[in-house]
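The values are calculated or read from the model by the stated rules, or taken from the named source; none is laboratory data. If you're wondering where the values come from, they're calculated on a predicted model, not measured in any experiment. Cβ sites come from the backbone with ideal geometry, for glycine too, and all protein chains shown count toward neighbours. Heavy atoms of the whole protein, side chains included, go into the accessibility calculation; ligands, DNA and RNA do not. Shrake-Rupley method; radii C 1.70, N 1.55, O 1.52, S 1.80 Å.
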Amino acid sequence: MTATKTPTERPPAQRVVRRAGDRLFAGSAKGSGIFILVVLAGVAAFLIGEAIPALTAPAEDVPGGEGLSGYIAPLVLGTLLGAVLALLVATPLAVGIALFVTYYAPRRIAAGLGYAIDLLAAIPSVVYGFWGLAVLAPALVPFHVWAADHLGWLPLFAGPASTSGRTMLTVGLVLAVMILPIISAIAREVFSQAPALHREAALALGATRWEMIKMAVLPYGKSGVIAGAMLGLGRALGETMAVAIVLSGGAGATLNLISSSNPSTIASNIALRFPEATGLGINTLIASGLVLFVITLAVNMLARWIVNRRADFSGAN
Amino acid sequence: MAKRIEVSDLNIYYGDFLAVEGVNVSIEPRSITALIGPSGCGKSTFLRSLNRMHEVIPGARVEGKVVMDGQDLYGADTDPVDVRRHIGMVFQRPNPFPTMSIYDNVIAGNRLNGKKMKKAESDDVVERALRGANLWNEVKDRLDRPGSGLSGGQQQRLCIARAIAVGPDVLLMDEPCSALDPISTLAIEDLMTELKDRFTIVIVTHNMQQAARVSESTGFFNLNGVGQPGRLIEFNPTEKIFSNPDQKATEDYISGRFG
């Protein structure tokens, strides 16, 4: 009875035919997605769980004696200062490099230059740290002095100029070099995919090459550049080794980029203090890590919001 | 305003490959000239060489002369950017700038080369160009919306508005209707007939009825075989081409015996 009825109840046309390969692929894709969420949730739970003792501890027990926010605030400032400085220096440079490689350089030079930039990403961060300490810091000392003399009216260059060059400014520039390949690689990729259709439309209107880039390439690549910049910012925010080597941090919150007393950054502070930390000290460091986690999350959400804001005009429709 | 284009002994190359050979033709002002022929015969390549868009492709170059109103377009002191400002182009696929509003699309060419315009002046240019392209009534209430939100036929008329907004002398159209439905095609054909009073129009088309409907003169391009350069086989008034062509190949092509 049932056997004869089944075909009428479920005609073959309505049955979803799924091949084994499809099922395998769908399953593994879904599994990967879930895996990422589980890892993320695990890390967040660990950070929050371990940070709670520091969050609830009385202010005088927290290292530094000024409470948790008094401990973390200068670190947040140092982290943001270095990373934003790096971003401000690296993004225009990376966009320029990407445009040169994709639209200006002869093809042979472009390929070589592209590889050279990519190679920057292959240098370990500890090497960048030593380079910053041994080469860039001494080389920047004259600039520190000049900036203190001529730009001293800006809080950023209030001085007194550091004589070692181990300052937030140097850190920012080292970080800029480190994130340059990330941003320029992504920018290069999106610029080279700007549709020929729109590039030719601009040229046919009588645009010069630069105008063509402004009309057809940059608007198309904008969201990609922002995404690349945010990836770079993420790396700069979390960079540990290079900052720990270059910066003689530990001072309180200050916007001064060129003096020898600098706030440290969250990541380098954790790296330097963690081996000797005990008890509440560990919880405090983890709480600072939680703050870094939140900052990075906020940066990424901001980037997504910027990218989506003018979705109507993105060309995706 | 509308100008005559004299082409003499034009050879067009892609790198070492000779794509079009020995074109001699005189394109009349205030008329529509259609270029027909089988795929790969070089008619689009020829069209793109008229406003120096051909050389945008790496390795592409041209030998010979293209003279518009006494000026050699390939002369040593001629800037291709200037050439393209005077010879507008409409492409096969509608290509409004997706990041710009309808208004900004139309005015895009006028804003080039650092030119500044007053708001009233640019409003005027936009309205005239959109009216000229028979699009004004359809978009006047949503000029700030993205151009990519329009239908295909509207987008193509937007591209025509963009091309005529800068006041070119010549309008080149590379299969402007091949991505459009018959109604939109008719709208564009009517538009071309209106525009020929003000511009020299050259249109490449695969649609022979279209060439017969809209054009005064027709050029037939053909090639002897794959790897051979394309040639301009015959250039005559459209009625003659479609009724009593000089060349056997033209007759074979328009009567559907090949191609």
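Of note:
- A DSSP coil position with no more than 10 other Cβ atoms inside 10 Å describes the following trypsin sites (Lys or Arg not before Pro) in the stretch B:41-148: B:Lys115, B:Lys116, B:Lys118.
- Entries of B:Lys65/B:Lys240; B:Lys196/B:Lys240; B:Lys65/B:Lys119; B:Lys65/B:Lys118 with Cα pairs more than 29 Å apart: B:Lys65/B:Lys119; B:Lys65/B:Lys118
- Overall form of chain A: oblate. Here a/c, set by the Cα gyration tensor axes a ≥ b ≥ c, is 1.5 or more, and a/b is not larger than b/c.
- Residues along the stretch A:199-239 losing 40 Å² or more of accessible surface when the other protein chains are present rather than the chain by itself (probe 1.4 Å): A:Glu200, A:Ala201, A:Leu203, A:Ala204, A:Leu205, A:Gly206, A:Glu211, A:Met215
- Exercise: per-residue mean of other protein chain Cβ atoms within 10 Å, A:124-135: 0
- Annotation: per residue accessible area for the protein assembly as shown equals 48 Å², rounded to a whole number [probe 1.4 Å, protein chains only].
- Low-density loop cleavage sites - trypsin sites (Lys or Arg not before Pro) in the stretch A:123-202, where at most 14 other Cβ are within 10 Å (DSSP): none
- Gyration tensor (alpha-carbon) shape descriptor, the protein assembly as shown, a/c threshold 1.5: prolate
- Against the criterion of solvent-accessible heavy-atom surface with a 1.4 angstrom probe, A:Val17, A:Val38 sort, most first, into A:Val17, A:Val38.
- For the set A:Trp210, B:Trp136, A:Trp305, solvent exposure ranked by accessible area (probe 1.4 Å, protein chains only) runs largest to smallest as A:Trp305, A:Trp210, B:Trp136.
- Taking the C-alpha atoms only, the angle from helix A:280-309 to the longest principal axis of chain A is near 50 degrees.
- Candidates B:Ser101, B:Ser243, B:Ser178: whichever shows maximal mean-square fluctuation once chain B is modelled as a Gaussian network with Cα springs under 10 Å: B:Ser243
- Crossing angle, helix B:182-195 versus chain B [Cα axis fit, 0-90 degrees, rounded to tens]: 90 degrees
- Average beta-carbon neighbours from other chains, 10 Å sphere, peptide B:97-107: 4
- Total accessible area lost when A and B pair, probe 1.4 Å, Å² to nearest 100: 2200 Å²
- Those trypsin sites (Lys or Arg not before Pro) in the stretch A:234-315 that DSSP places in a loop and that have at most 16 other beta carbons within 10 Å: A:Arg310
- The residue list B:Asn24, B:Ile164, B:Phe221 was ranked by how far each Cα lies along the charge dipole of chain B toward its positive end, using unit charges on Cβ atoms, and B:Ile164 comes out on top.
- 222 nm mean residue ellipticity, helices alone, for chain A (DSSP H n ≥ 4; -39,500 (n - 2.57); rounded to 500): -23000 deg cm²/dmol
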